[in-house]
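Since the structure comes first, as structure tokens, the remarks are kept for the end.
The values are calculated or read from the model by the stated rules, or taken from the named source; none is laboratory data. All of these numbers come straight from a predicted model, not from anything done at the bench. Positions of Cβ are generated from backbone atoms using ideal geometry, with glycine treated the same way; all protein chains shown enter the neighbour counts. In case anyone asks, the SASA skips ligands and DNA or RNA and just uses the protein heavy atoms, side chains included. Shrake-Rupley method; radii C 1.70, N 1.55, O 1.52, S 1.80 Å.
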Amino acid sequence: MEYSRGDHTSNRLKLLCKIAVLLCIGAAAASGQLTDDYYDYCCPQVYRIVRSRVAAAMKAEMRMGASLLRLHFHDCFVNGCDASILLDGSNSEKFAAPNNNSVRGYEVIDTIKADLESACPGVVSCADIVALAAKYGVLLSGGPDYDVLLGRRDGLVANQTGANTNLPSPFDSISTITKSFQNVGLNVTDVVALSGAHTIGRSRCLLFSSRLANFSATNSVDPTLDSSLAPSLQQTCRGGDNQLAALDVNSSDVFDNHYFQNLLANKGVLSSDQGLVSNSDDPTVAATKALVQAYSANGQRFSCDFGRSMVRMGNISPLTGKAGQIRKNCRAVN
Ligand code: HEM
């Protein structure tokens, strides 16, 4: 049989890819844990590729940074950080109440995956892509540059019921929200630091308009909502349930600590945001309020704790070693 030069090159490429995959599998099997240098030998381009795709998406629409951050959260709270949220099909998490018409960014993940399958076939998991996209969403919004741990593998099943039950609701009390965090191994500091993600992004009126009219027998508007913010939110929501309001009224595209300063001025948009400081009959609120005060006064401390809590969230039940698989297409198992 004759071999052309092209055959040699493509065979060498295939061999290099196989070695790269084996290097990655070897690293995971050896440690069973996530590491910050996981792709250094088998796909060192991963950071550049994810960063440039996230930057392009945010250039087209700045809000996408926030949407990618939320995508990671909604992935990790259901079956762990295994990219189960990306699977299409009848049991898809995409159609669970907290995600439907709400979670965004799936197409950005698809483009990153396509680039990575060209650069390092079969090496980078969808779950790691989601974690890295969240990191760059934060960083390119002006937030902290924390080290993402990598080496997750992709899950084989979606869990729509889990998405309906595990994710906290904006109508929950702080005690209930704290329990949902504790269920996945996170603590009260994680609740407050990660709620600081609402320094970027938007919410649909549907999820806070009950605070704006017919609130209770005695108050038409939620008394814990600042009286100058209420009319502007009412104005926004006249357009209907799908209208959007900034979660951080001062600087919705910049990752800073204004979200916490807003809460102390009764300018939290979601009831669950304002609840971190306002609802004194909730036993958890003394602890959450003290943290809100600390982060409001000290942006550096918020950045530090946020990065640490993102790493802790990213560590929820990862699949490593031989568990799961590296999906070729993030929307379907291989
Ligand atoms: C503490 C409990 C939490 C509750 C109750 C909550 C609830 C919500 C709700 C209701 C929205 C608006 C959704 C919509 O308009 O359809 C939202 C948006 C958002 N959430 Fe949370 N969230 C929580 C924690 C988190 C955490 C832990 C993160 C990330 C670490 C996060 C990141 C975001 C971001 C960035 C947005 C804006 C997304 C965008 O503009 O596309 N949230 N959240």
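Test each condition in (1) part of a helix (DSSP H, G or I); (2) surrounded by fewer than 19 Cβ atoms within 10 Å (Cβ to Cβ); (3) hydroxyl-bearing (Ser, Thr, Tyr) for Ser169 and report the one that comes out false.
Just one mismatch for Ser169, condition (1).
From the list Val277, Val292, Val269, Val249, which residue is more than 30 Å from Tyr39 (Cβ to Cβ) and within 11 Å of the ligand (Cβ to nearest atom)?
Just a single option satisfies the conditions, and that option is Val269.
Of the residues in segment 285-334, how many are in contact with a Lys or Arg (Cβ under 9 Å, 6 or more places away or on another chain) and of a type in the set (S, T, N, Q)?
Residues in segment 285-334 being in contact with a Lys or Arg (Cβ under 9 Å, 6 or more places away or on another chain) and of a type in the set (S, T, N, Q): 4 in total.
Go through segment 36-57 and report how many residues are open to solvent by less than 10 Å² (accessible area, probe 1.4 Å) and among the aliphatic types (A, V, I, L, M).
Of the residues in that region, 3 qualify.
Which pairs do you get when a residue that is closer than 15 Å to Val285 by Cα, found in segment 176-196, comes within reach of a residue that is among the small types (Gly, Ala, Ser) and surrounded by fewer than 21 Cβ atoms within 10 Å (Cβ to Cβ), reach meaning Cβ atoms under 8 angstrom, with the pair 6+ apart or on two chains?
Pairs that qualify, where the first residue is closer than 15 Å to Val285 by Cα and the partner is among the small types (Gly, Ala, Ser) and surrounded by fewer than 21 Cβ atoms within 10 Å (Cβ to Cβ), are Val188/Ala287.
What number of residues in segment 103-116 are open to solvent by 40 Å² or more (accessible area, probe 1.4 Å) and within 27 Å of Gly321 (Cβ to Cβ)?
Final tally of qualifying residues: 3.
Could you list, ordered by first residue, the pairs with Cβ atoms under 6 Å in which the first is in segment 102-120 and in the same structural domain as Leu69 (by TED's automatic domain parsing) and the second is open to solvent by less than 20 Å² (accessible area, probe 1.4 Å) and not in a helix (DSSP H, G or I), at least 6 apart or interchain?
Listed by first residue and then by second, the contacts come to Ile109/Cys330; Lys113/Cys330; Leu116/Val124; Cys120/Cys43.
Search segment 323-334 for residues that are surrounded by 17 or more Cβ atoms within 10 Å (Cβ to Cβ) and pair each with any residue that is β-branched (Val, Ile, Thr) when their beta-carbon atoms are under 6 Å apart and the residues are at least 6 apart or on different chains.
Taking only residues 6 or more apart or on different chains, the pairs are Cys330/Ile109.
Within the bounds of segment 189-199, is there any residue that is in a loop (DSSP other than H, G, I, E, B) and not basic (Lys, Arg)?
no
Does any residue in segment 35-46 that is of a type outside the set (D, E, K, R) come within less than 6 Å, Cβ to Cβ, of a residue that is in a loop (DSSP other than H, G, I, E, B) and surrounded by fewer than 23 Cβ atoms within 10 Å (Cβ to Cβ) six or more places away or on a different chain, and which pairs are these?
Partner pairs satisfying both residue conditions: Cys42/Val123; Cys43/Cys120; Cys43/Val123.
Can you name the residue in segment 134-166 that is among the basic types (Lys, Arg) and not in a loop (DSSP other than H, G, I, E, B) and, of all such residues, is nearest to the ligand (Cβ to nearest atom)?
Lys135
Is there a residue being touching a Leu at 6+ places or on another chain (Cβ under 9 Å), within 16 Å of the ligand (Cβ to nearest atom), in the same structural domain as Cys304 (by TED's automatic domain parsing) and open to solvent by 60 Å² or more (accessible area, probe 1.4 Å) anywhere in segment 194-202?
yes
Being within 14 Å of the ligand (Cβ to nearest atom) and farther than 30 Å from Asn315 by Cα: is that true of Ser209 here?
Considered against the rule, which asks whether it is within 14 Å of the ligand (Cβ to nearest atom) and farther than 30 Å from Asn315 by Cα, Ser209 comes out as yes.
Residues of segment 283-322 being open to solvent by 60 Å² or more (accessible area, probe 1.4 Å) and within 16 Å of the chain's Cα centre (by Cα), which ones?
Listed by number, the residues that qualify are Arg308, Arg312, Asn315, Ser317.
Any idea how many residues of segment 214-255 are assigned to a loop (DSSP other than H, G, I, E, B), within 25 Å of the chain's Cα centre (by Cα) and crowded, with 16+ Cβ neighbours inside 10 Å?
Looking only at that region, the number is 8.
Just name the residue that is most open to solvent (accessible area, probe 1.4 Å) out of those in segment 269-281 that are assigned to a loop (DSSP other than H, G, I, E, B) and without any contact (Cβ under 8 Å) to a residue 40 or more places away in the chain.
Among them, the one singled out is Asp281.
From Leu167, Leu212, Leu207, Leu229, which residue is within 23 Å of Pro283 (Cβ to Cβ) and out of contact with any strand residue (DSSP E or B) (no Cβ under 7 Å at 6 or more places or on another chain)?
Leu167
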